[in-house]
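Chemist: Structure provided below as structure tokens; questions to follow.
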């Protein structure tokens, strides 16, 4: 379905007949990570809606909007197989008609990490997601945790604007060797694919040290950075931050106390492909295969 | 009712029982203009909700947030007399809890007129209205046309973000002598109250000239400006603009053709009070009493 108004009508009709709308927004080129989000939505809601929309406003002028992977026919097949009730795949001109000029912006949370390297990215994300929420009226929405900052920013938007939505973050889905699933992985050559394992290896190094009692922020960061540095062509960031406000935690992630949590987040370029990955120390299980290095 | 979540629950309950929610957002200090909005909402919806909230984010640092007129007891009585079903009067800390950081912004439409003199004002308006819409889930919302630009900006937000809301603009309600009703009119001394008639007099001068066939933008503007200039202590603007995009219409408001419309909009200070007024030439009836000057 391409028309926003027909999409709204279908969601309205489902709600009127007593269904709970569960919504999974995607940019298509679906992989097992996306399908896990759909499965989670099915556990929480009775009418499952997936949008496929490569949102132009969240790409910078030098980013890969034009070359972002698209596989609409394959996507539709996967979603049909999963028993999705409705797929919404609008044209950009329908979501951003001529003369549109409204933007939704979350401020502080969008400053660090990817926000520092992709100006305007999160404003594009929050704007399109607010539009999709208004059209679909979902009770439940599922996003993946691979875009950890995106999830945090959207949680903030939902809370700040009082959207009546249960926003669920789904754990990162990984390949058997630890690589976080991403539509952009198809860009990787065989050599790049092998090097890309440095991201999850770095996360595991920090995770293992944390499990062993390490709480020094810079030490945990250095463990992840070493692995990423060994494989990346360019590093945007390897950061250890507070998982809630995404701010630096100080010298120790527990401030000297117990029960510490910290987000280790990575963004780097392997060849021409930008990859991200993360783990929340003190919360997530080991990110991928057991540590072997 | 003060609690946002209880407010949402009451609106949800009304909808579940088959009612159509009609919403009138106000800043309180209610006058007959507000009550006309309520009456209009009652014609279009079955469960009428009024919010009373002096929204801090739409006031500049040197504006009258602290001294904005407040009369909660009187307001409640008027709304009860009108048969309003639910009054929502939250604390600022409930609408802007600590750590909130999301803003909704309409861009180009907020640049001219009041936007040029009140930086951030409309961002405050669109943000609070988006929050109130999310809480109340109205099918119908009524705003007055006295804040013409506010109505235009909110229409743009509703359209751009696909809010499923019928936004109704209600004609300006005036005192018998032509003064547009405003909560801020209580600030006016007797002398200032008399001088304030210059605004509607200026609009009538432009209106009468338009009705007589005048289409030159600068001539229409000068007619309004002369009256405002005679009474105002400071003029923010007296402008003639396109009623849809609020941009300058060129030398003639009909571009040489027929069927022209133009917004004549005024913002000026009488004593310490900032007043606004407007008329849409080619659309609105004569603004106030017949022209006598």
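Chemist: Along its three principal axes, how long is chain B when you only count alpha carbons? Whole Å, largest extent first please.
Modeler: For chain B, the Cα spread along each principal axis is 54, 42, 37 Å.
Chemist: Take peptides A:86-94, B:179-187, A:164-172, A:132-140 and line them up by average Cβ neighbours within 10 Å, highest first, as a rough protection proxy. Don't skip to the answer; put the middle values down first.
Modeler: Numbers: A:86-94: 16.1, B:179-187: 19.9, A:164-172: 18.2, A:132-140: 23.0.
Ranking, from highest mean packing down: A:132-140, B:179-187, A:164-172, A:86-94.
Chemist: While we're on this one: Just tell me how shielded A:122-129 is by partners: mean number of partner chain Cβ atoms within 10 Å of each residue's Cβ, no decimals.
Modeler: The per-residue average across the peptide is 1.
Chemist: Also, quick follow-up: By how many degrees, between 0 and 90 and to the nearest 10, does the Cα long axis of helix B:32-44 differ from the longest principal axis of chain B?
Modeler: So the inclination is approximately 60 degrees.
Chemist: Of the candidates A:18, A:124, A:271, which one comes out as most mobile in a Gaussian network treatment of chain A with C-alpha springs shorter than 10 Å?
Modeler: A:18
Chemist: Report D for the range B:183-281 in µm² per second (integer): Stokes-Einstein, Kirkwood Rh on Cα pairs, 20 °C, 1.002 mPa s.
Modeler: 157
Chemist: Here is a further query. Shape call for the range B:4-170 from the C-alpha gyration tensor, a ≥ b ≥ c root eigenvalues: rounded (a/c under 1.5), prolate (a/b greater than b/c) or oblate?
Modeler: rounded
Chemist: Measure nothing but the geometry: give the 0 to 90° angle between the long axis through the Cα atoms of B:148-160 and the longest principal axis through the Cα atoms of chain B, rounded to 10°.
Modeler: The answer is roughly 50 degrees.
Chemist: Can you sort A:35, B:225 from fewest to most other Cβ atoms within 10 Å of each residue's own Cβ? Don't skip to the answer; put the middle values down first.
Modeler: Values: A:35 19, B:225 23.
So the residues, fewest neighbours to most, are A:35, B:225.
Chemist: Viscosity 1.306 mPa s, temperature 10 °C: give me the Stokes-Einstein translational D for the range A:217-274 in µm²/s, with Rh taken as the Kirkwood radius over C-alpha pairs.
Modeler: It comes out at roughly 131 µm²/s.
Chemist: Mind telling me which of A:101, A:149, A:58 comes out most flexible in a GNM of chain A, alpha-carbon contacts under 10 Å?
Modeler: A:101
Chemist: A further question follows. Using alpha carbon coordinates only, what is the Rg to Rh ratio of the range B:104-228, with Rh defined as the Kirkwood radius?
Modeler: Rounded to two decimals, Rg over Rh is 1.02.
Chemist: Roughly how many Å is it from the Cα centre of the range B:44-123 to that of the range A:88-120, as a whole number?
Modeler: Their Cα centres are 26 Å away from one another.
Chemist: Just the projected area, averaged over all directions, of the convex hull on the alpha carbon atoms of the protein assembly as shown: how many nm²?
Modeler: 30.2
Chemist: May I ask for the angle, rounded to the nearest 10°, between helix B:72-81 and the longest principal axis of chain B, with both axes built from Cα atoms and the value confined to 0 to 90°?
Modeler: 90
Chemist: Restricting the count to DSSP beta bridges whose residues both fall in the protein assembly as shown, what percent are antiparallel, rounded to a multiple of 5?
Modeler: Values: 41 of 73 bridges.
Of all bridge pairs located within the protein assembly as shown, approximately 55 percent are antiparallel.
Chemist: Per-residue Cβ counts within 10 Å, from other chains only, averaged over B:106-113: what number is that? Show your work: numbers first, answer last.
Modeler: Values: counts 4, 4, 2, 3, 1, 1, 0, 0.
Averaged over the peptide's residues, the number is 2.
Chemist: Under 1.5 on a/c is rounded, so check that first for the range B:1-90, then, if it is not, pick prolate when a/b is larger than b/c and oblate when it is not; a ≥ b ≥ c are the square roots of the alpha carbon gyration tensor eigenvalues.
Modeler: prolate
Chemist: How much of the DSSP beta bridge set in chain B is antiparallel, as a percent to the nearest 5?
Modeler: 55
Chemist: Oh, and also: Order these by the 10 Å Cβ neighbour count, fewest first: B:141, B:241.
Modeler: Ranking B:141, B:241 by Cβ neighbours within 10 Å, fewest first, gives B:241, B:141.
Chemist: Expressed as a whole number of Å, what is the distance separating the alpha-carbon centroids of the range B:222-246 and the range A:209-232?
Modeler: Using only Cα atoms, the two centres lie 64 Å from each other.
Chemist: Most exposed first by the Cβ proxy, i.e. fewest other Cβ within 10 Å, how do A:95, A:157 rank?
Modeler: A:95, A:157
Chemist: Here's a follow-up. Please build a GNM for chain B, connecting alpha carbons under 10 Å apart, and tell me which residue among B:29, B:19, B:267 fluctuates the most.
Modeler: Evaluated over chain B, the most mobile residue of the options is B:19.
Chemist: How far is it, in nm, from the label point at residue B:20 to the one at residue B:107 when both lie 7 Å from their Cα along the line to the Cβ?
Modeler: 3.5
Values quoted throughout were computed directly from the atomic coordinates according to the rules given, and no laboratory measurement underlies them. It should be emphasised that the depicted structure is a prediction, and the values quoted were computed from it without experimental measurement. A quick note on method: Cβ atoms are made from the backbone with ideal geometry, for glycine too, and the neighbour counts reach across all protein chains shown.
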